[in-house]
Each structure stands twice: as structure tokens, then as C-alpha cells.
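Accompanying notes for the structure given below.
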């Protein structure tokens, strides 16, 4: 097992564990990207719309959050914003295609 396998294997394990505990998936791509494919059950809140109103709605879910996007860059930014906003459990799954495979394997 290489270093990348170790790092990404741990992330996959953490994401799937959170999903088993009721985590909600937040896809931070644009609405146009989201409509052409997404993880079943995910909610679309584009990164540029991750404002106090959206954050308040997410806090009402009272659940861990798994964020995804196209490649992992926007979801990394979203994770930082959400942690700074008081969320204690946020996971960056990276690209939505990968997350979809993890969930459906």
C-alpha cells in the first residue's frame, strides 16, 4: 500500500463511517453541474452560495456533513467554511463520482 492509498483509504473509511451514522451529502458544484449527475440524496448548495442562510439550514440537519464537488478543490474550501461556522464534523469526499463509487460498491 502506497502513501496515497493510505491517505485516501483513510478518507474513504471516515466518509463511509459518517454516512453510516447519518451524514448528509452537500454537493458544492454549480446547479448546472449538479443537474448532469449527482449522488442520490445529496443537496446542492454551490460554494458561492454557502452563506449564513444556507449554513443555518445545514445546522438544522443536526448531522455530520460530507462535502463533494467535481475534483475536491471546492469541497475543500466548503469544509473550511463549514468548520469555521461551527460545524464539528465535516468530511471532504472530493469528487462526486468517487463518492458515488464509494457508496455504491
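The values are calculated or read from the model by the stated rules, or taken from the named source; none is laboratory data. In this text the structure is predicted, and so the values were computed from the model without any measurement. Every residue, glycine among them, receives a Cβ derived from its backbone with ideal geometry; neighbour counts consider all protein chains shown.
Residue check: residue 105 meets all listed conditions (1) at pLDDT below 95; (2) in contact with a helix residue (DSSP H, G or I) (Cβ under 6 Å, 6 or more places away or on another chain) but one, namely (2). Considered as a group, the residues in the range 54-69 that are in contact with a strand residue (DSSP E or B) (Cβ under 6 Å, 6 or more places away or on another chain) and under 17 Å from residue 30 (Cβ atoms) include one that is surrounded by the fewest Cβ atoms within 10 Å (Cβ to Cβ), and that residue is 68. Tell me, please, whether a residue that is in contact with a helix residue (DSSP H, G or I) (Cβ under 6 Å, 6 or more places away or on another chain) and without any contact (Cβ under 8 Å) to a residue 40 or more places away in the chain can be found in the range 53-74. There is no residue in the range 53-74 that is in contact with a helix residue (DSSP H, G or I) (Cβ under 6 Å, 6 or more places away or on another chain) and without any contact (Cβ under 8 Å) to a residue 40 or more places away in the chain. Within the range 39-49, which residues are part of a helix (DSSP H, G or I) and touching a helix residue (DSSP H, G or I) at 6+ places or on another chain (Cβ under 8 Å)? Hit for the range 39-49 is 47, nothing else. Within the range 15-38, being surrounded by fewer than 18 Cβ atoms within 10 Å (Cβ to Cβ) and either within 19 Å of residue 73 (Cβ to Cβ) or at pLDDT below 95 (or both) holds for 30, 31, 32, 33, 36, 37.
Residues in the range 72-103 that are assigned to a strand (DSSP E or B) and surrounded by fewer than 20 Cβ atoms within 10 Å (Cβ to Cβ): 95 alone. Against the condition out of contact with any strand residue (DSSP E or B) (no Cβ under 8 Å at 6 or more places or on another chain), over 22 Å from residue 20 (Cα atoms), at pLDDT 95 or above and loosely packed, with under 13 Cβ neighbours inside 10 Å, how does residue 49 come out, does it pass? So residue 49 passes the test. For the range 50-71, taking the residues that are within 15 Å of the chain's Cα centre (by Cα) and assigned to a helix (DSSP H, G or I), the one that is nearest to residue 88 (Cα to Cα) is identified as 59.
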